[in-house]
Amino acid sequence: MTAPLLQMKGVAKRFTLHHQHGAELPVLDQVDLSVHPGECIVLDGPSGMGKSTLLKLIYANYRASAGRITLQPPGGAAVEITEATPRMLVELRRHTIGYVSQFLRVIPRVSALDVVAEPLAEDAAGDAVALEAAREQARQWLTRLRIPERLWHLPPATFSGGEQQRINIARNMIKPRPLLLLDEPTASLDAANTRTVIELIHEAVARGAALVGIFHDTAVGAEVATRRVNVADFRRSA
Ligand SMILES: Nc1ncnc2c1ncn2[C@@H]1O[C@H](COP(=O)(O)OP(=O)(O)OP(=O)(O)O)[C@@H](O)[C@H]1O
Ligand SMILES: [Mg+2]
């Protein structure tokens, strides 16, 4: 078997509640998880168990209280996420880790088309041909995710919840990164768009990406999972 792309060993997360005299809230403990290229790990467990927290630890939005999170980018040197500098994290997020959060972080005044094209446009580094190719790819993603053309040149701030979610998916999946984190990407989508997202996930797995996802709809989770992990198993038993 190939080496894991992502490896979590003995990872714990406790939150310090400053408004409660520094009381500690233990959320995750002893997380051991390896994810290989071509795997789609679906995280299960009841609300509040720490599923989103686990993704945020991998994306380094949260800092682990203990343990190691190691990423092995293809053809590159291994990175210890818990020790990465802010500059290294910017690089990792640009090239290695995609993260579809539950909500789109809206960028004021930027059109939907450019919001989606940006991860590719960044790599175009001002080259006009590459820039146009990035915008063409963005048009294809918007079409595939059924965003009406009249919306393409408007900023997504006023879009519906499901429209914003689809912009978020397109923006974070357009660049084929090796690791993809998905936090309830189909939560506010209709049946047709949910079907499209399932296809996109299958395509990402087929190209050898490693995925870790949370799906409110257990039927969707069952369709995309190559392995299921219950986050309740990572709770302190005491
Ligand atoms: N920044 C934070 N500060 C304090 N507590 C937090 C923070 N983030 C998460 N928590 C707490 O950690 C626990 C796990 O939250 P998390 O969002 O990971 O749950 P979840 O399994 O994703 O739940 P859901 O299915 O409802 O999305 C919750 O009790 C939550 O209140
Ligand atoms: Mg969550």
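All of the numbers you see were taken from the coordinates with simple rules; none came from a lab. Values in this document were obtained by computation on a predicted structure and should not be read as measured data. All Cβ positions, glycine included, derive from the backbone under ideal geometry; neighbour counts span all protein chains shown.
When DSSP beta bridges are limited to those with both residues in the chain, what percentage is antiparallel, rounded to the nearest 5?
Working: 16 of 33 bridges.
Among the beta bridges of the chain, antiparallel pairing accounts for roughly 50 percent.
Peptides 171-181, 107-117: what's the order by average Cβ count within 10 Å, highest mean first?
Details: 171-181: 20.9, 107-117: 18.5.
Going from most to least packed, we get 171-181, 107-117.
Note down the magnitude of the dipole of segment 106-176 about its Cα centre, charges +1 on Lys and Arg C-beta and -1 on Asp and Glu C-beta and zero elsewhere, to the nearest 20 debye. Mind dumping the intermediate values first?
Values: 9 positive and 9 negative charges, 73 e Å.
It works out to roughly 360 debye.
Quick one: which residues, 5+ away or cross-chain, put their amide H under 5 Å from the amide H of Y62? H built at 1.01 Å from N.
L57
Taking the chain as the reference, fit the longest principal axis to its C-alpha atoms, fit the long axis of helix 128-144 to the helix C-alpha atoms, and give the angle between the two in degrees, 0 to 90, nearest 10.
80
Just the number, please: Stokes-Einstein D of the chain in µm²/s, Kirkwood Rh from C-alpha pairs, 10 °C, 1.306 mPa s. Walk me through the intermediate numbers first.
Working: Rh = 18.7 Å.
D = 85 µm²/s.
If amide hydrogens are placed 1.01 Å from N in the peptide plane, which non-local residues have theirs closer than 5 Å to the one on V42?
So V42 has HN proximity to G213, T226, R227, R228, V229.
Can you pull a Stokes-Einstein diffusion coefficient for segment 106-176 at 25 °C (0.890 mPa s), Rh from Kirkwood over Cα pairs, as a whole number of µm²/s?
Details: Rh = 11.9 Å.
The diffusion coefficient I find is 207 µm²/s.
Quote the FRET efficiency, to the nearest 0.05, computed for R109 versus K175 with a Förster distance R0 of 30 Å and r equal to the Cβ-Cβ distance.
On the way: r = 22 Å, r/R0 = 0.75.
The value I calculate is 0.85.
Can you work out the Karplus-derived ³J(HN,Hα) for every residue in segment 102-109? Use 6.51 cos²θ - 1.76 cosθ + 1.60 with θ = phi - 60°, whole Hz, and x for glycine or proline.
5, 10, 6, 8, 6, 9, x, 6
Using a simple charge model, +1 on the beta-carbon of Lys and Arg, -1 on the beta-carbon of Asp and Glu, nothing else, what dipole does the chain show about its Cα centre, in debye to the nearest 20? Intermediate values should be presented prior to the final figure.
Numbers: 27 positive and 25 negative charges, 72 e Å.
The calculation lands at about 340 debye.
Return the inverse of the average 1/r over all pairs of distinct C-alpha atoms in segment 113-238, which is the Kirkwood hydrodynamic radius, in Å to one decimal.
That comes to 15.8 Å for segment 113-238.
Just from its helices, what would the mean residue ellipticity at 222 nm be for the chain, if runs of 4 or more DSSP H residues each count -39500 (n - 2.57) and the sum is divided by every residue, rounded to the nearest 500 deg cm²/dmol?
Numbers: 7 runs with 84 residues, N = 238.
So the calculated ellipticity at 222 nm is -11000 deg cm²/dmol.
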